[in-house]
Amino acid sequence: MIDALETLTPVGRSDTLAQKVRTELKEAVMAGRFAPGEKLTIRSIAGALEVSLTPAREALYNLASEGVLELRPNGSVYVPELTVDRVEELAKIRVALESLASREAVRRMSDAEIGPIVAMNDALIARHESHDYSALIALNWQFHFTLYRASRMEVLVRMIESCWLMTGSYLNVIYPEFAEVSEGITNHQQIVRALERRDADRVATAITTDINLMSDALVNAIEHKKKARKS
């Protein structure tokens with residue numbers, strides 16, 4: 001009988017680097033640092049992260065296989081452009097997943113875990129007031145996922161992460177217009193207040209509102225981009 005361990009392929013240094021490159025790219029996409037439709041080349045990624053071409057290639061194609069990036073027939077990799085239908089579909093999925101994660105987080109998290117989330121929200125508000133939208137987007141990601149990880153449900157968090165990755169490229173597109181309304185900031189304060197009261201229902205409701213506000217802004221951005229192309 002063949003030992004199963006003998007069938008495994010040794011993991012080399014490039015494998016470790018590929019995972020690190022994948023993590024960097026994933027966080028950059030989720031934070032909206034790439035524009036919709038932007039081409040990502042193996043050479044440019046390798047140069048930016050100071051790695052060889054092999055781990056950069058593996059990371060790009062790995063994210064493409066997950067649907068985070070788009071692999072075209074000629075082998076080029078692009079940040080996907082969203083459609084209204086896709087945004088609306090993702091919003092429905094996110095409401096289901098993120099309301100569940102937030103409820104479980106309220107139930108399971110310790111008092112000590114609430115403080116950092118409140119501090120992140122305070123920093124987020126400060127970035128909003130100073131119009132530092134790149135930092136605001138990054139803080140928003142940290143705020144939400146610190147809350148969701150408190151659910152202690154790793155599979156659920158990975159599913160939520162996949163949804164965020166599919167919309168991340170449009171986050172920069174909706175600013176500064178989205179910030180001018182300030183509904184998102186007000187709603188974040190509702191999340192924090194409900195969290196401090198340990199009110200799982202109100203946290204989940206505010207999370208749902210947050211998702212719908214962002215979804216509406218994304219739809220408006222997509223439709224505006226369509227009109228601009230036609231004119």
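How many residues, within segment 74-92, are under 16 Å from Ala206 (Cα atoms) and touching a residue at least 12 places away in the same chain (Cβ under 8 Å)?
Kept after step one, since they are under 16 Å from Ala206 (Cα atoms), are these residues of segment 74-92: 91-92.
Narrowing the set further to residues that are touching a residue at least 12 places away in the same chain (Cβ under 8 Å) leaves 91.
Residues meeting the conditions: 1.
Taking only segment 180-200 into account, find how many residues are under 21 Å from Arg103 (Cα atoms) and either among the small types (Gly, Ala, Ser) or touching a residue at least 40 places away in the same chain (Cβ under 8 Å) (or both).
Number of matching residues: 12.
Within segment 38-79, take every residue that is more than 17 Å from the chain's Cα centre (by Cα) and at positive phi and give me the one that is modelled with the lowest pLDDT.
By that ranking, first place goes to Gly75.
What are the pairs, 6+ residues apart or on separate chains, where a residue within segment 141-155 that is more than 18 Å from Asp199 (Cα to Cα) and touching a residue at least 24 places away in the same chain (Cβ under 8 Å) has its Cβ under 6 Å from a residue that is open to solvent by less than 40 Å² (accessible area, probe 1.4 Å) and outside any helix (DSSP H, G or I)?
Trp141/Ala31
Pairs under 9 Å by beta carbon, first residue touching a residue at least 12 places away in the same chain (Cβ under 8 Å) and more than 18 Å from Ile93 (Cβ to Cβ) in segment 215-231, partner surrounded by 15 or more Cβ atoms within 10 Å (Cβ to Cβ) and among the hydroxyl-bearing types (Ser, Thr, Tyr), six or more apart or different chains?
Hits for this filter: Ala221/Tyr170.
Within the set of pairs 6 or more residues apart or between chains, which connect a residue that is within 18 Å of Gln190 (Cβ to Cβ) inside segment 115-130 to a residue that is in a helix (DSSP H, G or I) and charged (D, E, K, R) with Cβ atoms less than 8 Å apart?
Val118/Glu196
The values are calculated or read from the model by the stated rules, or taken from the named source; none is laboratory data. Everything numeric in this text was worked out from a predicted model, so none of it was measured. Counting neighbours? That spans all protein chains shown, and the Cβs are built from the backbone with ideal geometry, glycine included. When the accessible area is computed, the model is the full protein with side chains, heavy atoms only, and any ligands, DNA or RNA have been set aside. Shrake-Rupley method; radii C 1.70, N 1.55, O 1.52, S 1.80 Å.
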